[in-house]
């Protein structure tokens, strides 16, 4: 891509991540078009601009080109950033492909293993992964809040590094630090394991992460969910890569002794690490819960469901992920509410998989 001609970008999805990404790139002077699927959001962005609330204050970004559906004649785009929920990724990729330049790249910002799902649709060589390490919410159409600092991990499934990924890295640095990985799948699986815990427990509990992580049973369930995901990743032959700076999922996974013991130095350290993550991302709210509140299907089948299905193929039991997946669907169907009581029900329902139960109190905030 020529350094003299600015790359053009289309952002598909204008929720928290997509909206702030589009606003930040527009501020940078990048030609950005935003496709939201909702006319009220598109109109707010066009007429009022994007209001972005951050720790440093609130800023207004105007001049965003936004549409509910991309008009014919648009493009071709250098990058198509898919900032939609996992259930909508394939449809979004199919709709935007005709507007992508021949040497353009489809970029997955969604959680889960989305690159593997859209590669057959557009060609693996055109698919870039962008693992999001920061948090955001949409407060109202065109009004966003950044709930956690962080950046991106970029890469291809085949591990190569080319001019396109380097160009995208430079663009996204206006949002946060960017790392280019030659082990995208390892980073994806680590993020998947974390999302199976954080996003799903956030949906079940209905609170921001900083509130939930204070409860010991929440941290224990998070460890169990991640441990099952790590076991499946290993069976898939994936070499896990650290995410969120220093969170090592190989280390975070519970050992057999830790799963059955009442307490150990290692277990205390892992609870402490989760407390630290909770403090850093304390304002983060589950995007899956937000999707349910908007009447959209939850992404749980692409998070915990991936672990359950792939675990089944390898003969690996994943009872905690399976139970959590079922409970999220019950919330989406209106048969259950998001609350700490729901998390406690999950803890009680899956206690037999933990061997000798820790003496834990759901009211413990230590």
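Scanning the range 79-124 for residues that are crowded, with 16+ Cβ neighbours inside 10 Å, in contact with a helix residue (DSSP H, G or I) (Cβ under 9 Å, 6 or more places away or on another chain) and not in a helix (DSSP H, G or I) yields a count of 18.
The set of residues in the range 50-65 that are farther than 14 Å from residue 20 by Cβ and assigned to a strand (DSSP E or B) comprises 57, 65. On inspection, residue 190 passes the criterion of being touching a strand residue (DSSP E or B) at 6+ places or on another chain (Cβ under 7 Å) and surrounded by 24 or more Cβ atoms within 10 Å (Cβ to Cβ). Restricted to the range 129-164, and to residues there that are under 20 Å from the mean Cα position of the chain (by Cα) and over 28 Å from residue 294 (Cα atoms), the residue that is surrounded by the fewest Cβ atoms within 10 Å (Cβ to Cβ) is 157. As a summary of the residue check, residue 147 satisfies the conditions (1) out of contact with any helix residue (DSSP H, G or I) (no Cβ under 6 Å at 6 or more places or on another chain); (2) modelled with pLDDT of 95 or more; (3) assigned to a strand (DSSP E or B) except for the one numbered (2). Can you name the number of the only condition in (1) in contact (Cβ under 8 Å) with a residue 60 or more places away in the chain; (2) within 18 Å of the chain's Cα centre (by Cα) that residue 178 fails? For residue 178, the failing item is (1). Within the range 268-284, being more than 16 Å from residue 133 (Cβ to Cβ) and touching a residue at least 40 places away in the same chain (Cβ under 8 Å) holds for 270, 271, 274, 275. Annotation for the range 227-241: no member residue is under 26 Å from residue 342 (Cβ atoms), touching a residue at least 60 places away in the same chain (Cβ under 8 Å) and assigned to a loop (DSSP other than H, G, I, E, B). Among the candidates 349, 291, single out the residue that is over 25 Å from residue 243 (Cβ atoms), surrounded by 15 or more Cβ atoms within 10 Å (Cβ to Cβ) and at pLDDT below 95. Criteria check complete, one pass: 349. Which residue, of 204, 254, 247, is over 27 Å from residue 176 (Cα atoms) and free of Cβ contacts under 8 Å to residues at least 60 places away in the same chain? On inspection, the qualifying residue turns out to be 254.
Of the residues making up the range 29-49, those that are touching a helix residue (DSSP H, G or I) at 6+ places or on another chain (Cβ under 7 Å) and not in a strand (DSSP E or B) are 30, 36.
The values are calculated or read from the model by the stated rules, or taken from the named source; none is laboratory data. As the structure is a prediction and not an experimental result, all values here were calculated from the model. All Cβ positions, even for glycine, are placed from backbone atoms using ideal geometry, and neighbour counts span all protein chains on display.
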